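Please treat every number below as a calculation from the coordinates, not as lab data. On a predicted model such as this, the values are computed, not experimentally measured, just so you know. In this analysis, Cβ positions are derived from the backbone assuming ideal geometry, glycine residues included, and neighbour counts consider all displayed protein chains.
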Amino acid sequence: MKKVIVVGGGLAGLRAVEALRERGFEGELTLVGAEIHEPYDRPPLSKAVLSGESGDTTFPVDWGRLGCALRLGHRAEELRPHPDRPGGVLRTSAGSLDFDGLVIATGAAPMRLPGTGPQHVLRTVDDARALRAALHEGARVVMVGAGWIGAEVATLAARRGCRVTVLEAGDAPLAGVLGSPAGALTAGWYAEAGVELRCGVKVVSVDHGGLTTADGEFLPADAVVAGIGARPEVAWLEGSGLDLDRGIVVDGSLRTSRPEVVAVGDCAAWWSARYRRRLLVEHWDTALNAPAVAAAALLGQDAAYDPAPYFWSEQFGRMVQYAGHHQATERMVLRGSPDDPDWAVLWFTGDRPTALLTVDRPRDMVQGRRLIEAGTALDPDLAADPTVPLRKAVHA
């Protein structure tokens with residue numbers, strides 16, 4: 001393998017470049033990114049960048065030492081087989097490049113609300129800078145979506161003196177990612193912060209000066225922010241021969257249906273033997289750690305990726321962490337009380353925890369994540385007692 005292209009200028013793309021070099025690839029290496037910016041850290045966008053505490057989260061990378069050519073501001077448009085030899089051709093907005101191996105790390109694009117009025121999303125550093133300018137004291141801000149991003153934006157907007165309303169189509173905040181019973185436990189945080197939370201409200205149109213809900217109500221707003229999810233950037237791969245199902249279908253080693261192509265990050269739907277299902281995980285931890293496996297697979301080395309997914313969020317003065325996958329679990333166990341400063345939720349299948357949510361309980365997360373990944377059985381009654389360390393709730 002002499003030429004490898006990494007498509008995607010985010011953390012997953014950068015880590016793929018680094019992993020290829022670390023695993024011994026000495027050939028020609030190129031990073032193609034749709035943004036004009038060098039790879040930067042995204043979690044601070046909804047925190048330090050949005051608050052104004054930081055303006056630049058670019059990763060400190062010596063691209064010369066890595067021996068990697070940068071093609072920034074070049075959007076991937078088509079993937080096709082090479083006409084004369086193994087490998088393929090990547091067509092971009094600035095021309096075509098041939099390759100022997102390809103890493104796809106194009107991430108996901110934020111979904112937008114219908115309507116002709118202006119709206120903000122938060123995915124890129126340019127998005128964050130534009131939204132920050134709109135979050136001035138007294139501004140009427142309507143946040144649509146009470147997921148992770150919605151809660152983080154509402155937190156910052158309230159701190160900056162905005163009048164914030166959060167609209168959520170589901171029946172509880174975080175219902176889409178945690179389920180309604182667990183998500184409802186966070187609802188009181190909004191009122192504490194002076195934020196109006198309205199659940200069960202659907203938006204049909206963003207208009208000039210505000211938005212219109214499904215029941216015909218018009219809500220005036222100086223800034224409308226859409227936090228309703230993201231879709232993997234895979235439309236450009238139609239007709240490429242790769243299997244697509246929401247994201248790019250890959251196996252437990254992140255290999256696609258074409259041997260010279262691997263996929264990683266927000267655009268990859270990978271097979272988890274742990275959970276016996278395909279997972280599409282849009283988290284920083286995946287972008288950080290999965291590229292080492294993708295690089296190994298591309299170079300013909302043995303590797304597998306099957307962790308308990310992990311995510312963290314800072315919202316309303318709390319550190320919220322989540323590990324695992326709870327959608328197919330049998331029951332939810334509350335550890336402590338949501339009225340306490342810190343608490344947690346465990347999800348069980350039988351006596352084995354499959355997911356964990358913690359609020360200001362970092363020790364629980366460290367111990368619980370290890371237990372989940374090891375498949376260790378716990379006594380649910382002991383695990384429900386917040387005074388008992390999770391490692392001591394292990395079945396004898």
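Structure remark: mean-square fluctuation, Gaussian network model of the chain, C-alpha springs under 10 Å; the largest value among Val89, Val32, Val141 belongs to Val89. Here the Gaussian network model covers the chain, with springs between Cα atoms less than 10 Å apart; of Phe311, Phe99, Phe59, Phe59 fluctuates the most.
Here each label is just a point 7 Å from Cα along the line to Cβ, and for Asp243 and Ser205 those points are 4.3 nm apart.
Consider a paramagnetic label point 7 Å from the Cα of His395 along Cα→Cβ; state which residues of the stretch 336-352 have an amide N under 12 Å from it. Residues 349-352 qualify, since their backbone N sits under 12 Å from the label point. The charge dipole of the stretch 317-393, taken about its Cα centre with unit charges on the Cβ atoms of Lys, Arg (+1), Asp and Glu (-1) only, comes to about 280 debye.
Annotation: extensible slack from Ala191 through Asp360 equals 58.9 nm (criterion: 0.36 nm per residue apart, minus Cα-Cα distance).
For the chain, the mean residue ellipticity at 222 nm estimated from helices alone is -6000 deg cm²/dmol, where every DSSP H run of n ≥ 4 contributes -39500 (n - 2.57) and the total is divided by all residues, rounded to the nearest 500. Pairwise inverse Cα distances across the stretch 1-112, averaged and inverted, put the Kirkwood hydrodynamic radius at 15.0 Å.
With both labels modelled 7 Å from their Cα along Cα-to-Cβ, the Lys2 to His283 distance reads 4.2 nm. For the stretch 309-396, the C-alpha radius of gyration sits at 0.98 times the compact-globule guess of 2.2 N^0.38 Å, with N the residue count.
Taking other C-beta atoms within 10 Å as the exposure proxy, His37, His74 rank His37, His74 from fewest upward. Distance from the alpha carbon centroid of the stretch 1-39 to that of the stretch 83-98 works out to 16 angstrom.
Placing +1 on the Cβ of every Lys and Arg and -1 on the Cβ of every Asp and Glu, with nothing else charged, gives the chain a dipole about its Cα centre of roughly 360 debye.
Taking the number of Cβ atoms within 10 Å of each Cβ as an exposure proxy, the fewest-first ranking of Thr387, Thr30 is Thr387, Thr30.
Between Ile36 and Asp302, the C-beta separation translates, for a Förster distance of 51 Å, into a calculated FRET efficiency of about 0.85. Percent of C-alpha pairs per 20 Å bin in the chain, short distances first: 26, 54, 20, 0. Farthest toward the positive end of the dipole of the chain, out of Val103, Ile149, Ala308, is the Cα of Val103, where the dipole comes from beta carbon charges about the Cα centre.
How many percent of all Cα-Cα pairs in the stretch 112-226 sit more than 19 Å apart? Summing the P(r) of the stretch 112-226 above 19 Å gives 41 percent of all pairs. Distant-in-sequence amide contacts of Ala355, defined by a placed amide H-H separation under 5 Å and a gap of 5 or more residues or a different chain, comprise His325, Trp347.
In terms of other Cβ atoms within 10 Å, His283, His325, His120 run from fewest to most in the order His283, His325, His120. Each part reduced to its alpha carbon centroid, the stretch 368-396 and the stretch 286-315 end up 25 Å apart.
Think of each Lys and Arg Cβ as +1 and each Asp and Glu Cβ as -1; about the Cα centre, that makes the dipole of the stretch 112-226 roughly 260 debye. Note on Asp62 and Arg21: the model spin-label points, each 7 Å out from Cα along the C-beta direction, lie 0.8 nm apart.
Between Asp340 and Ser96, the contour length at 0.36 nm per residue exceeds the alpha carbon distance by 82.1 nm.
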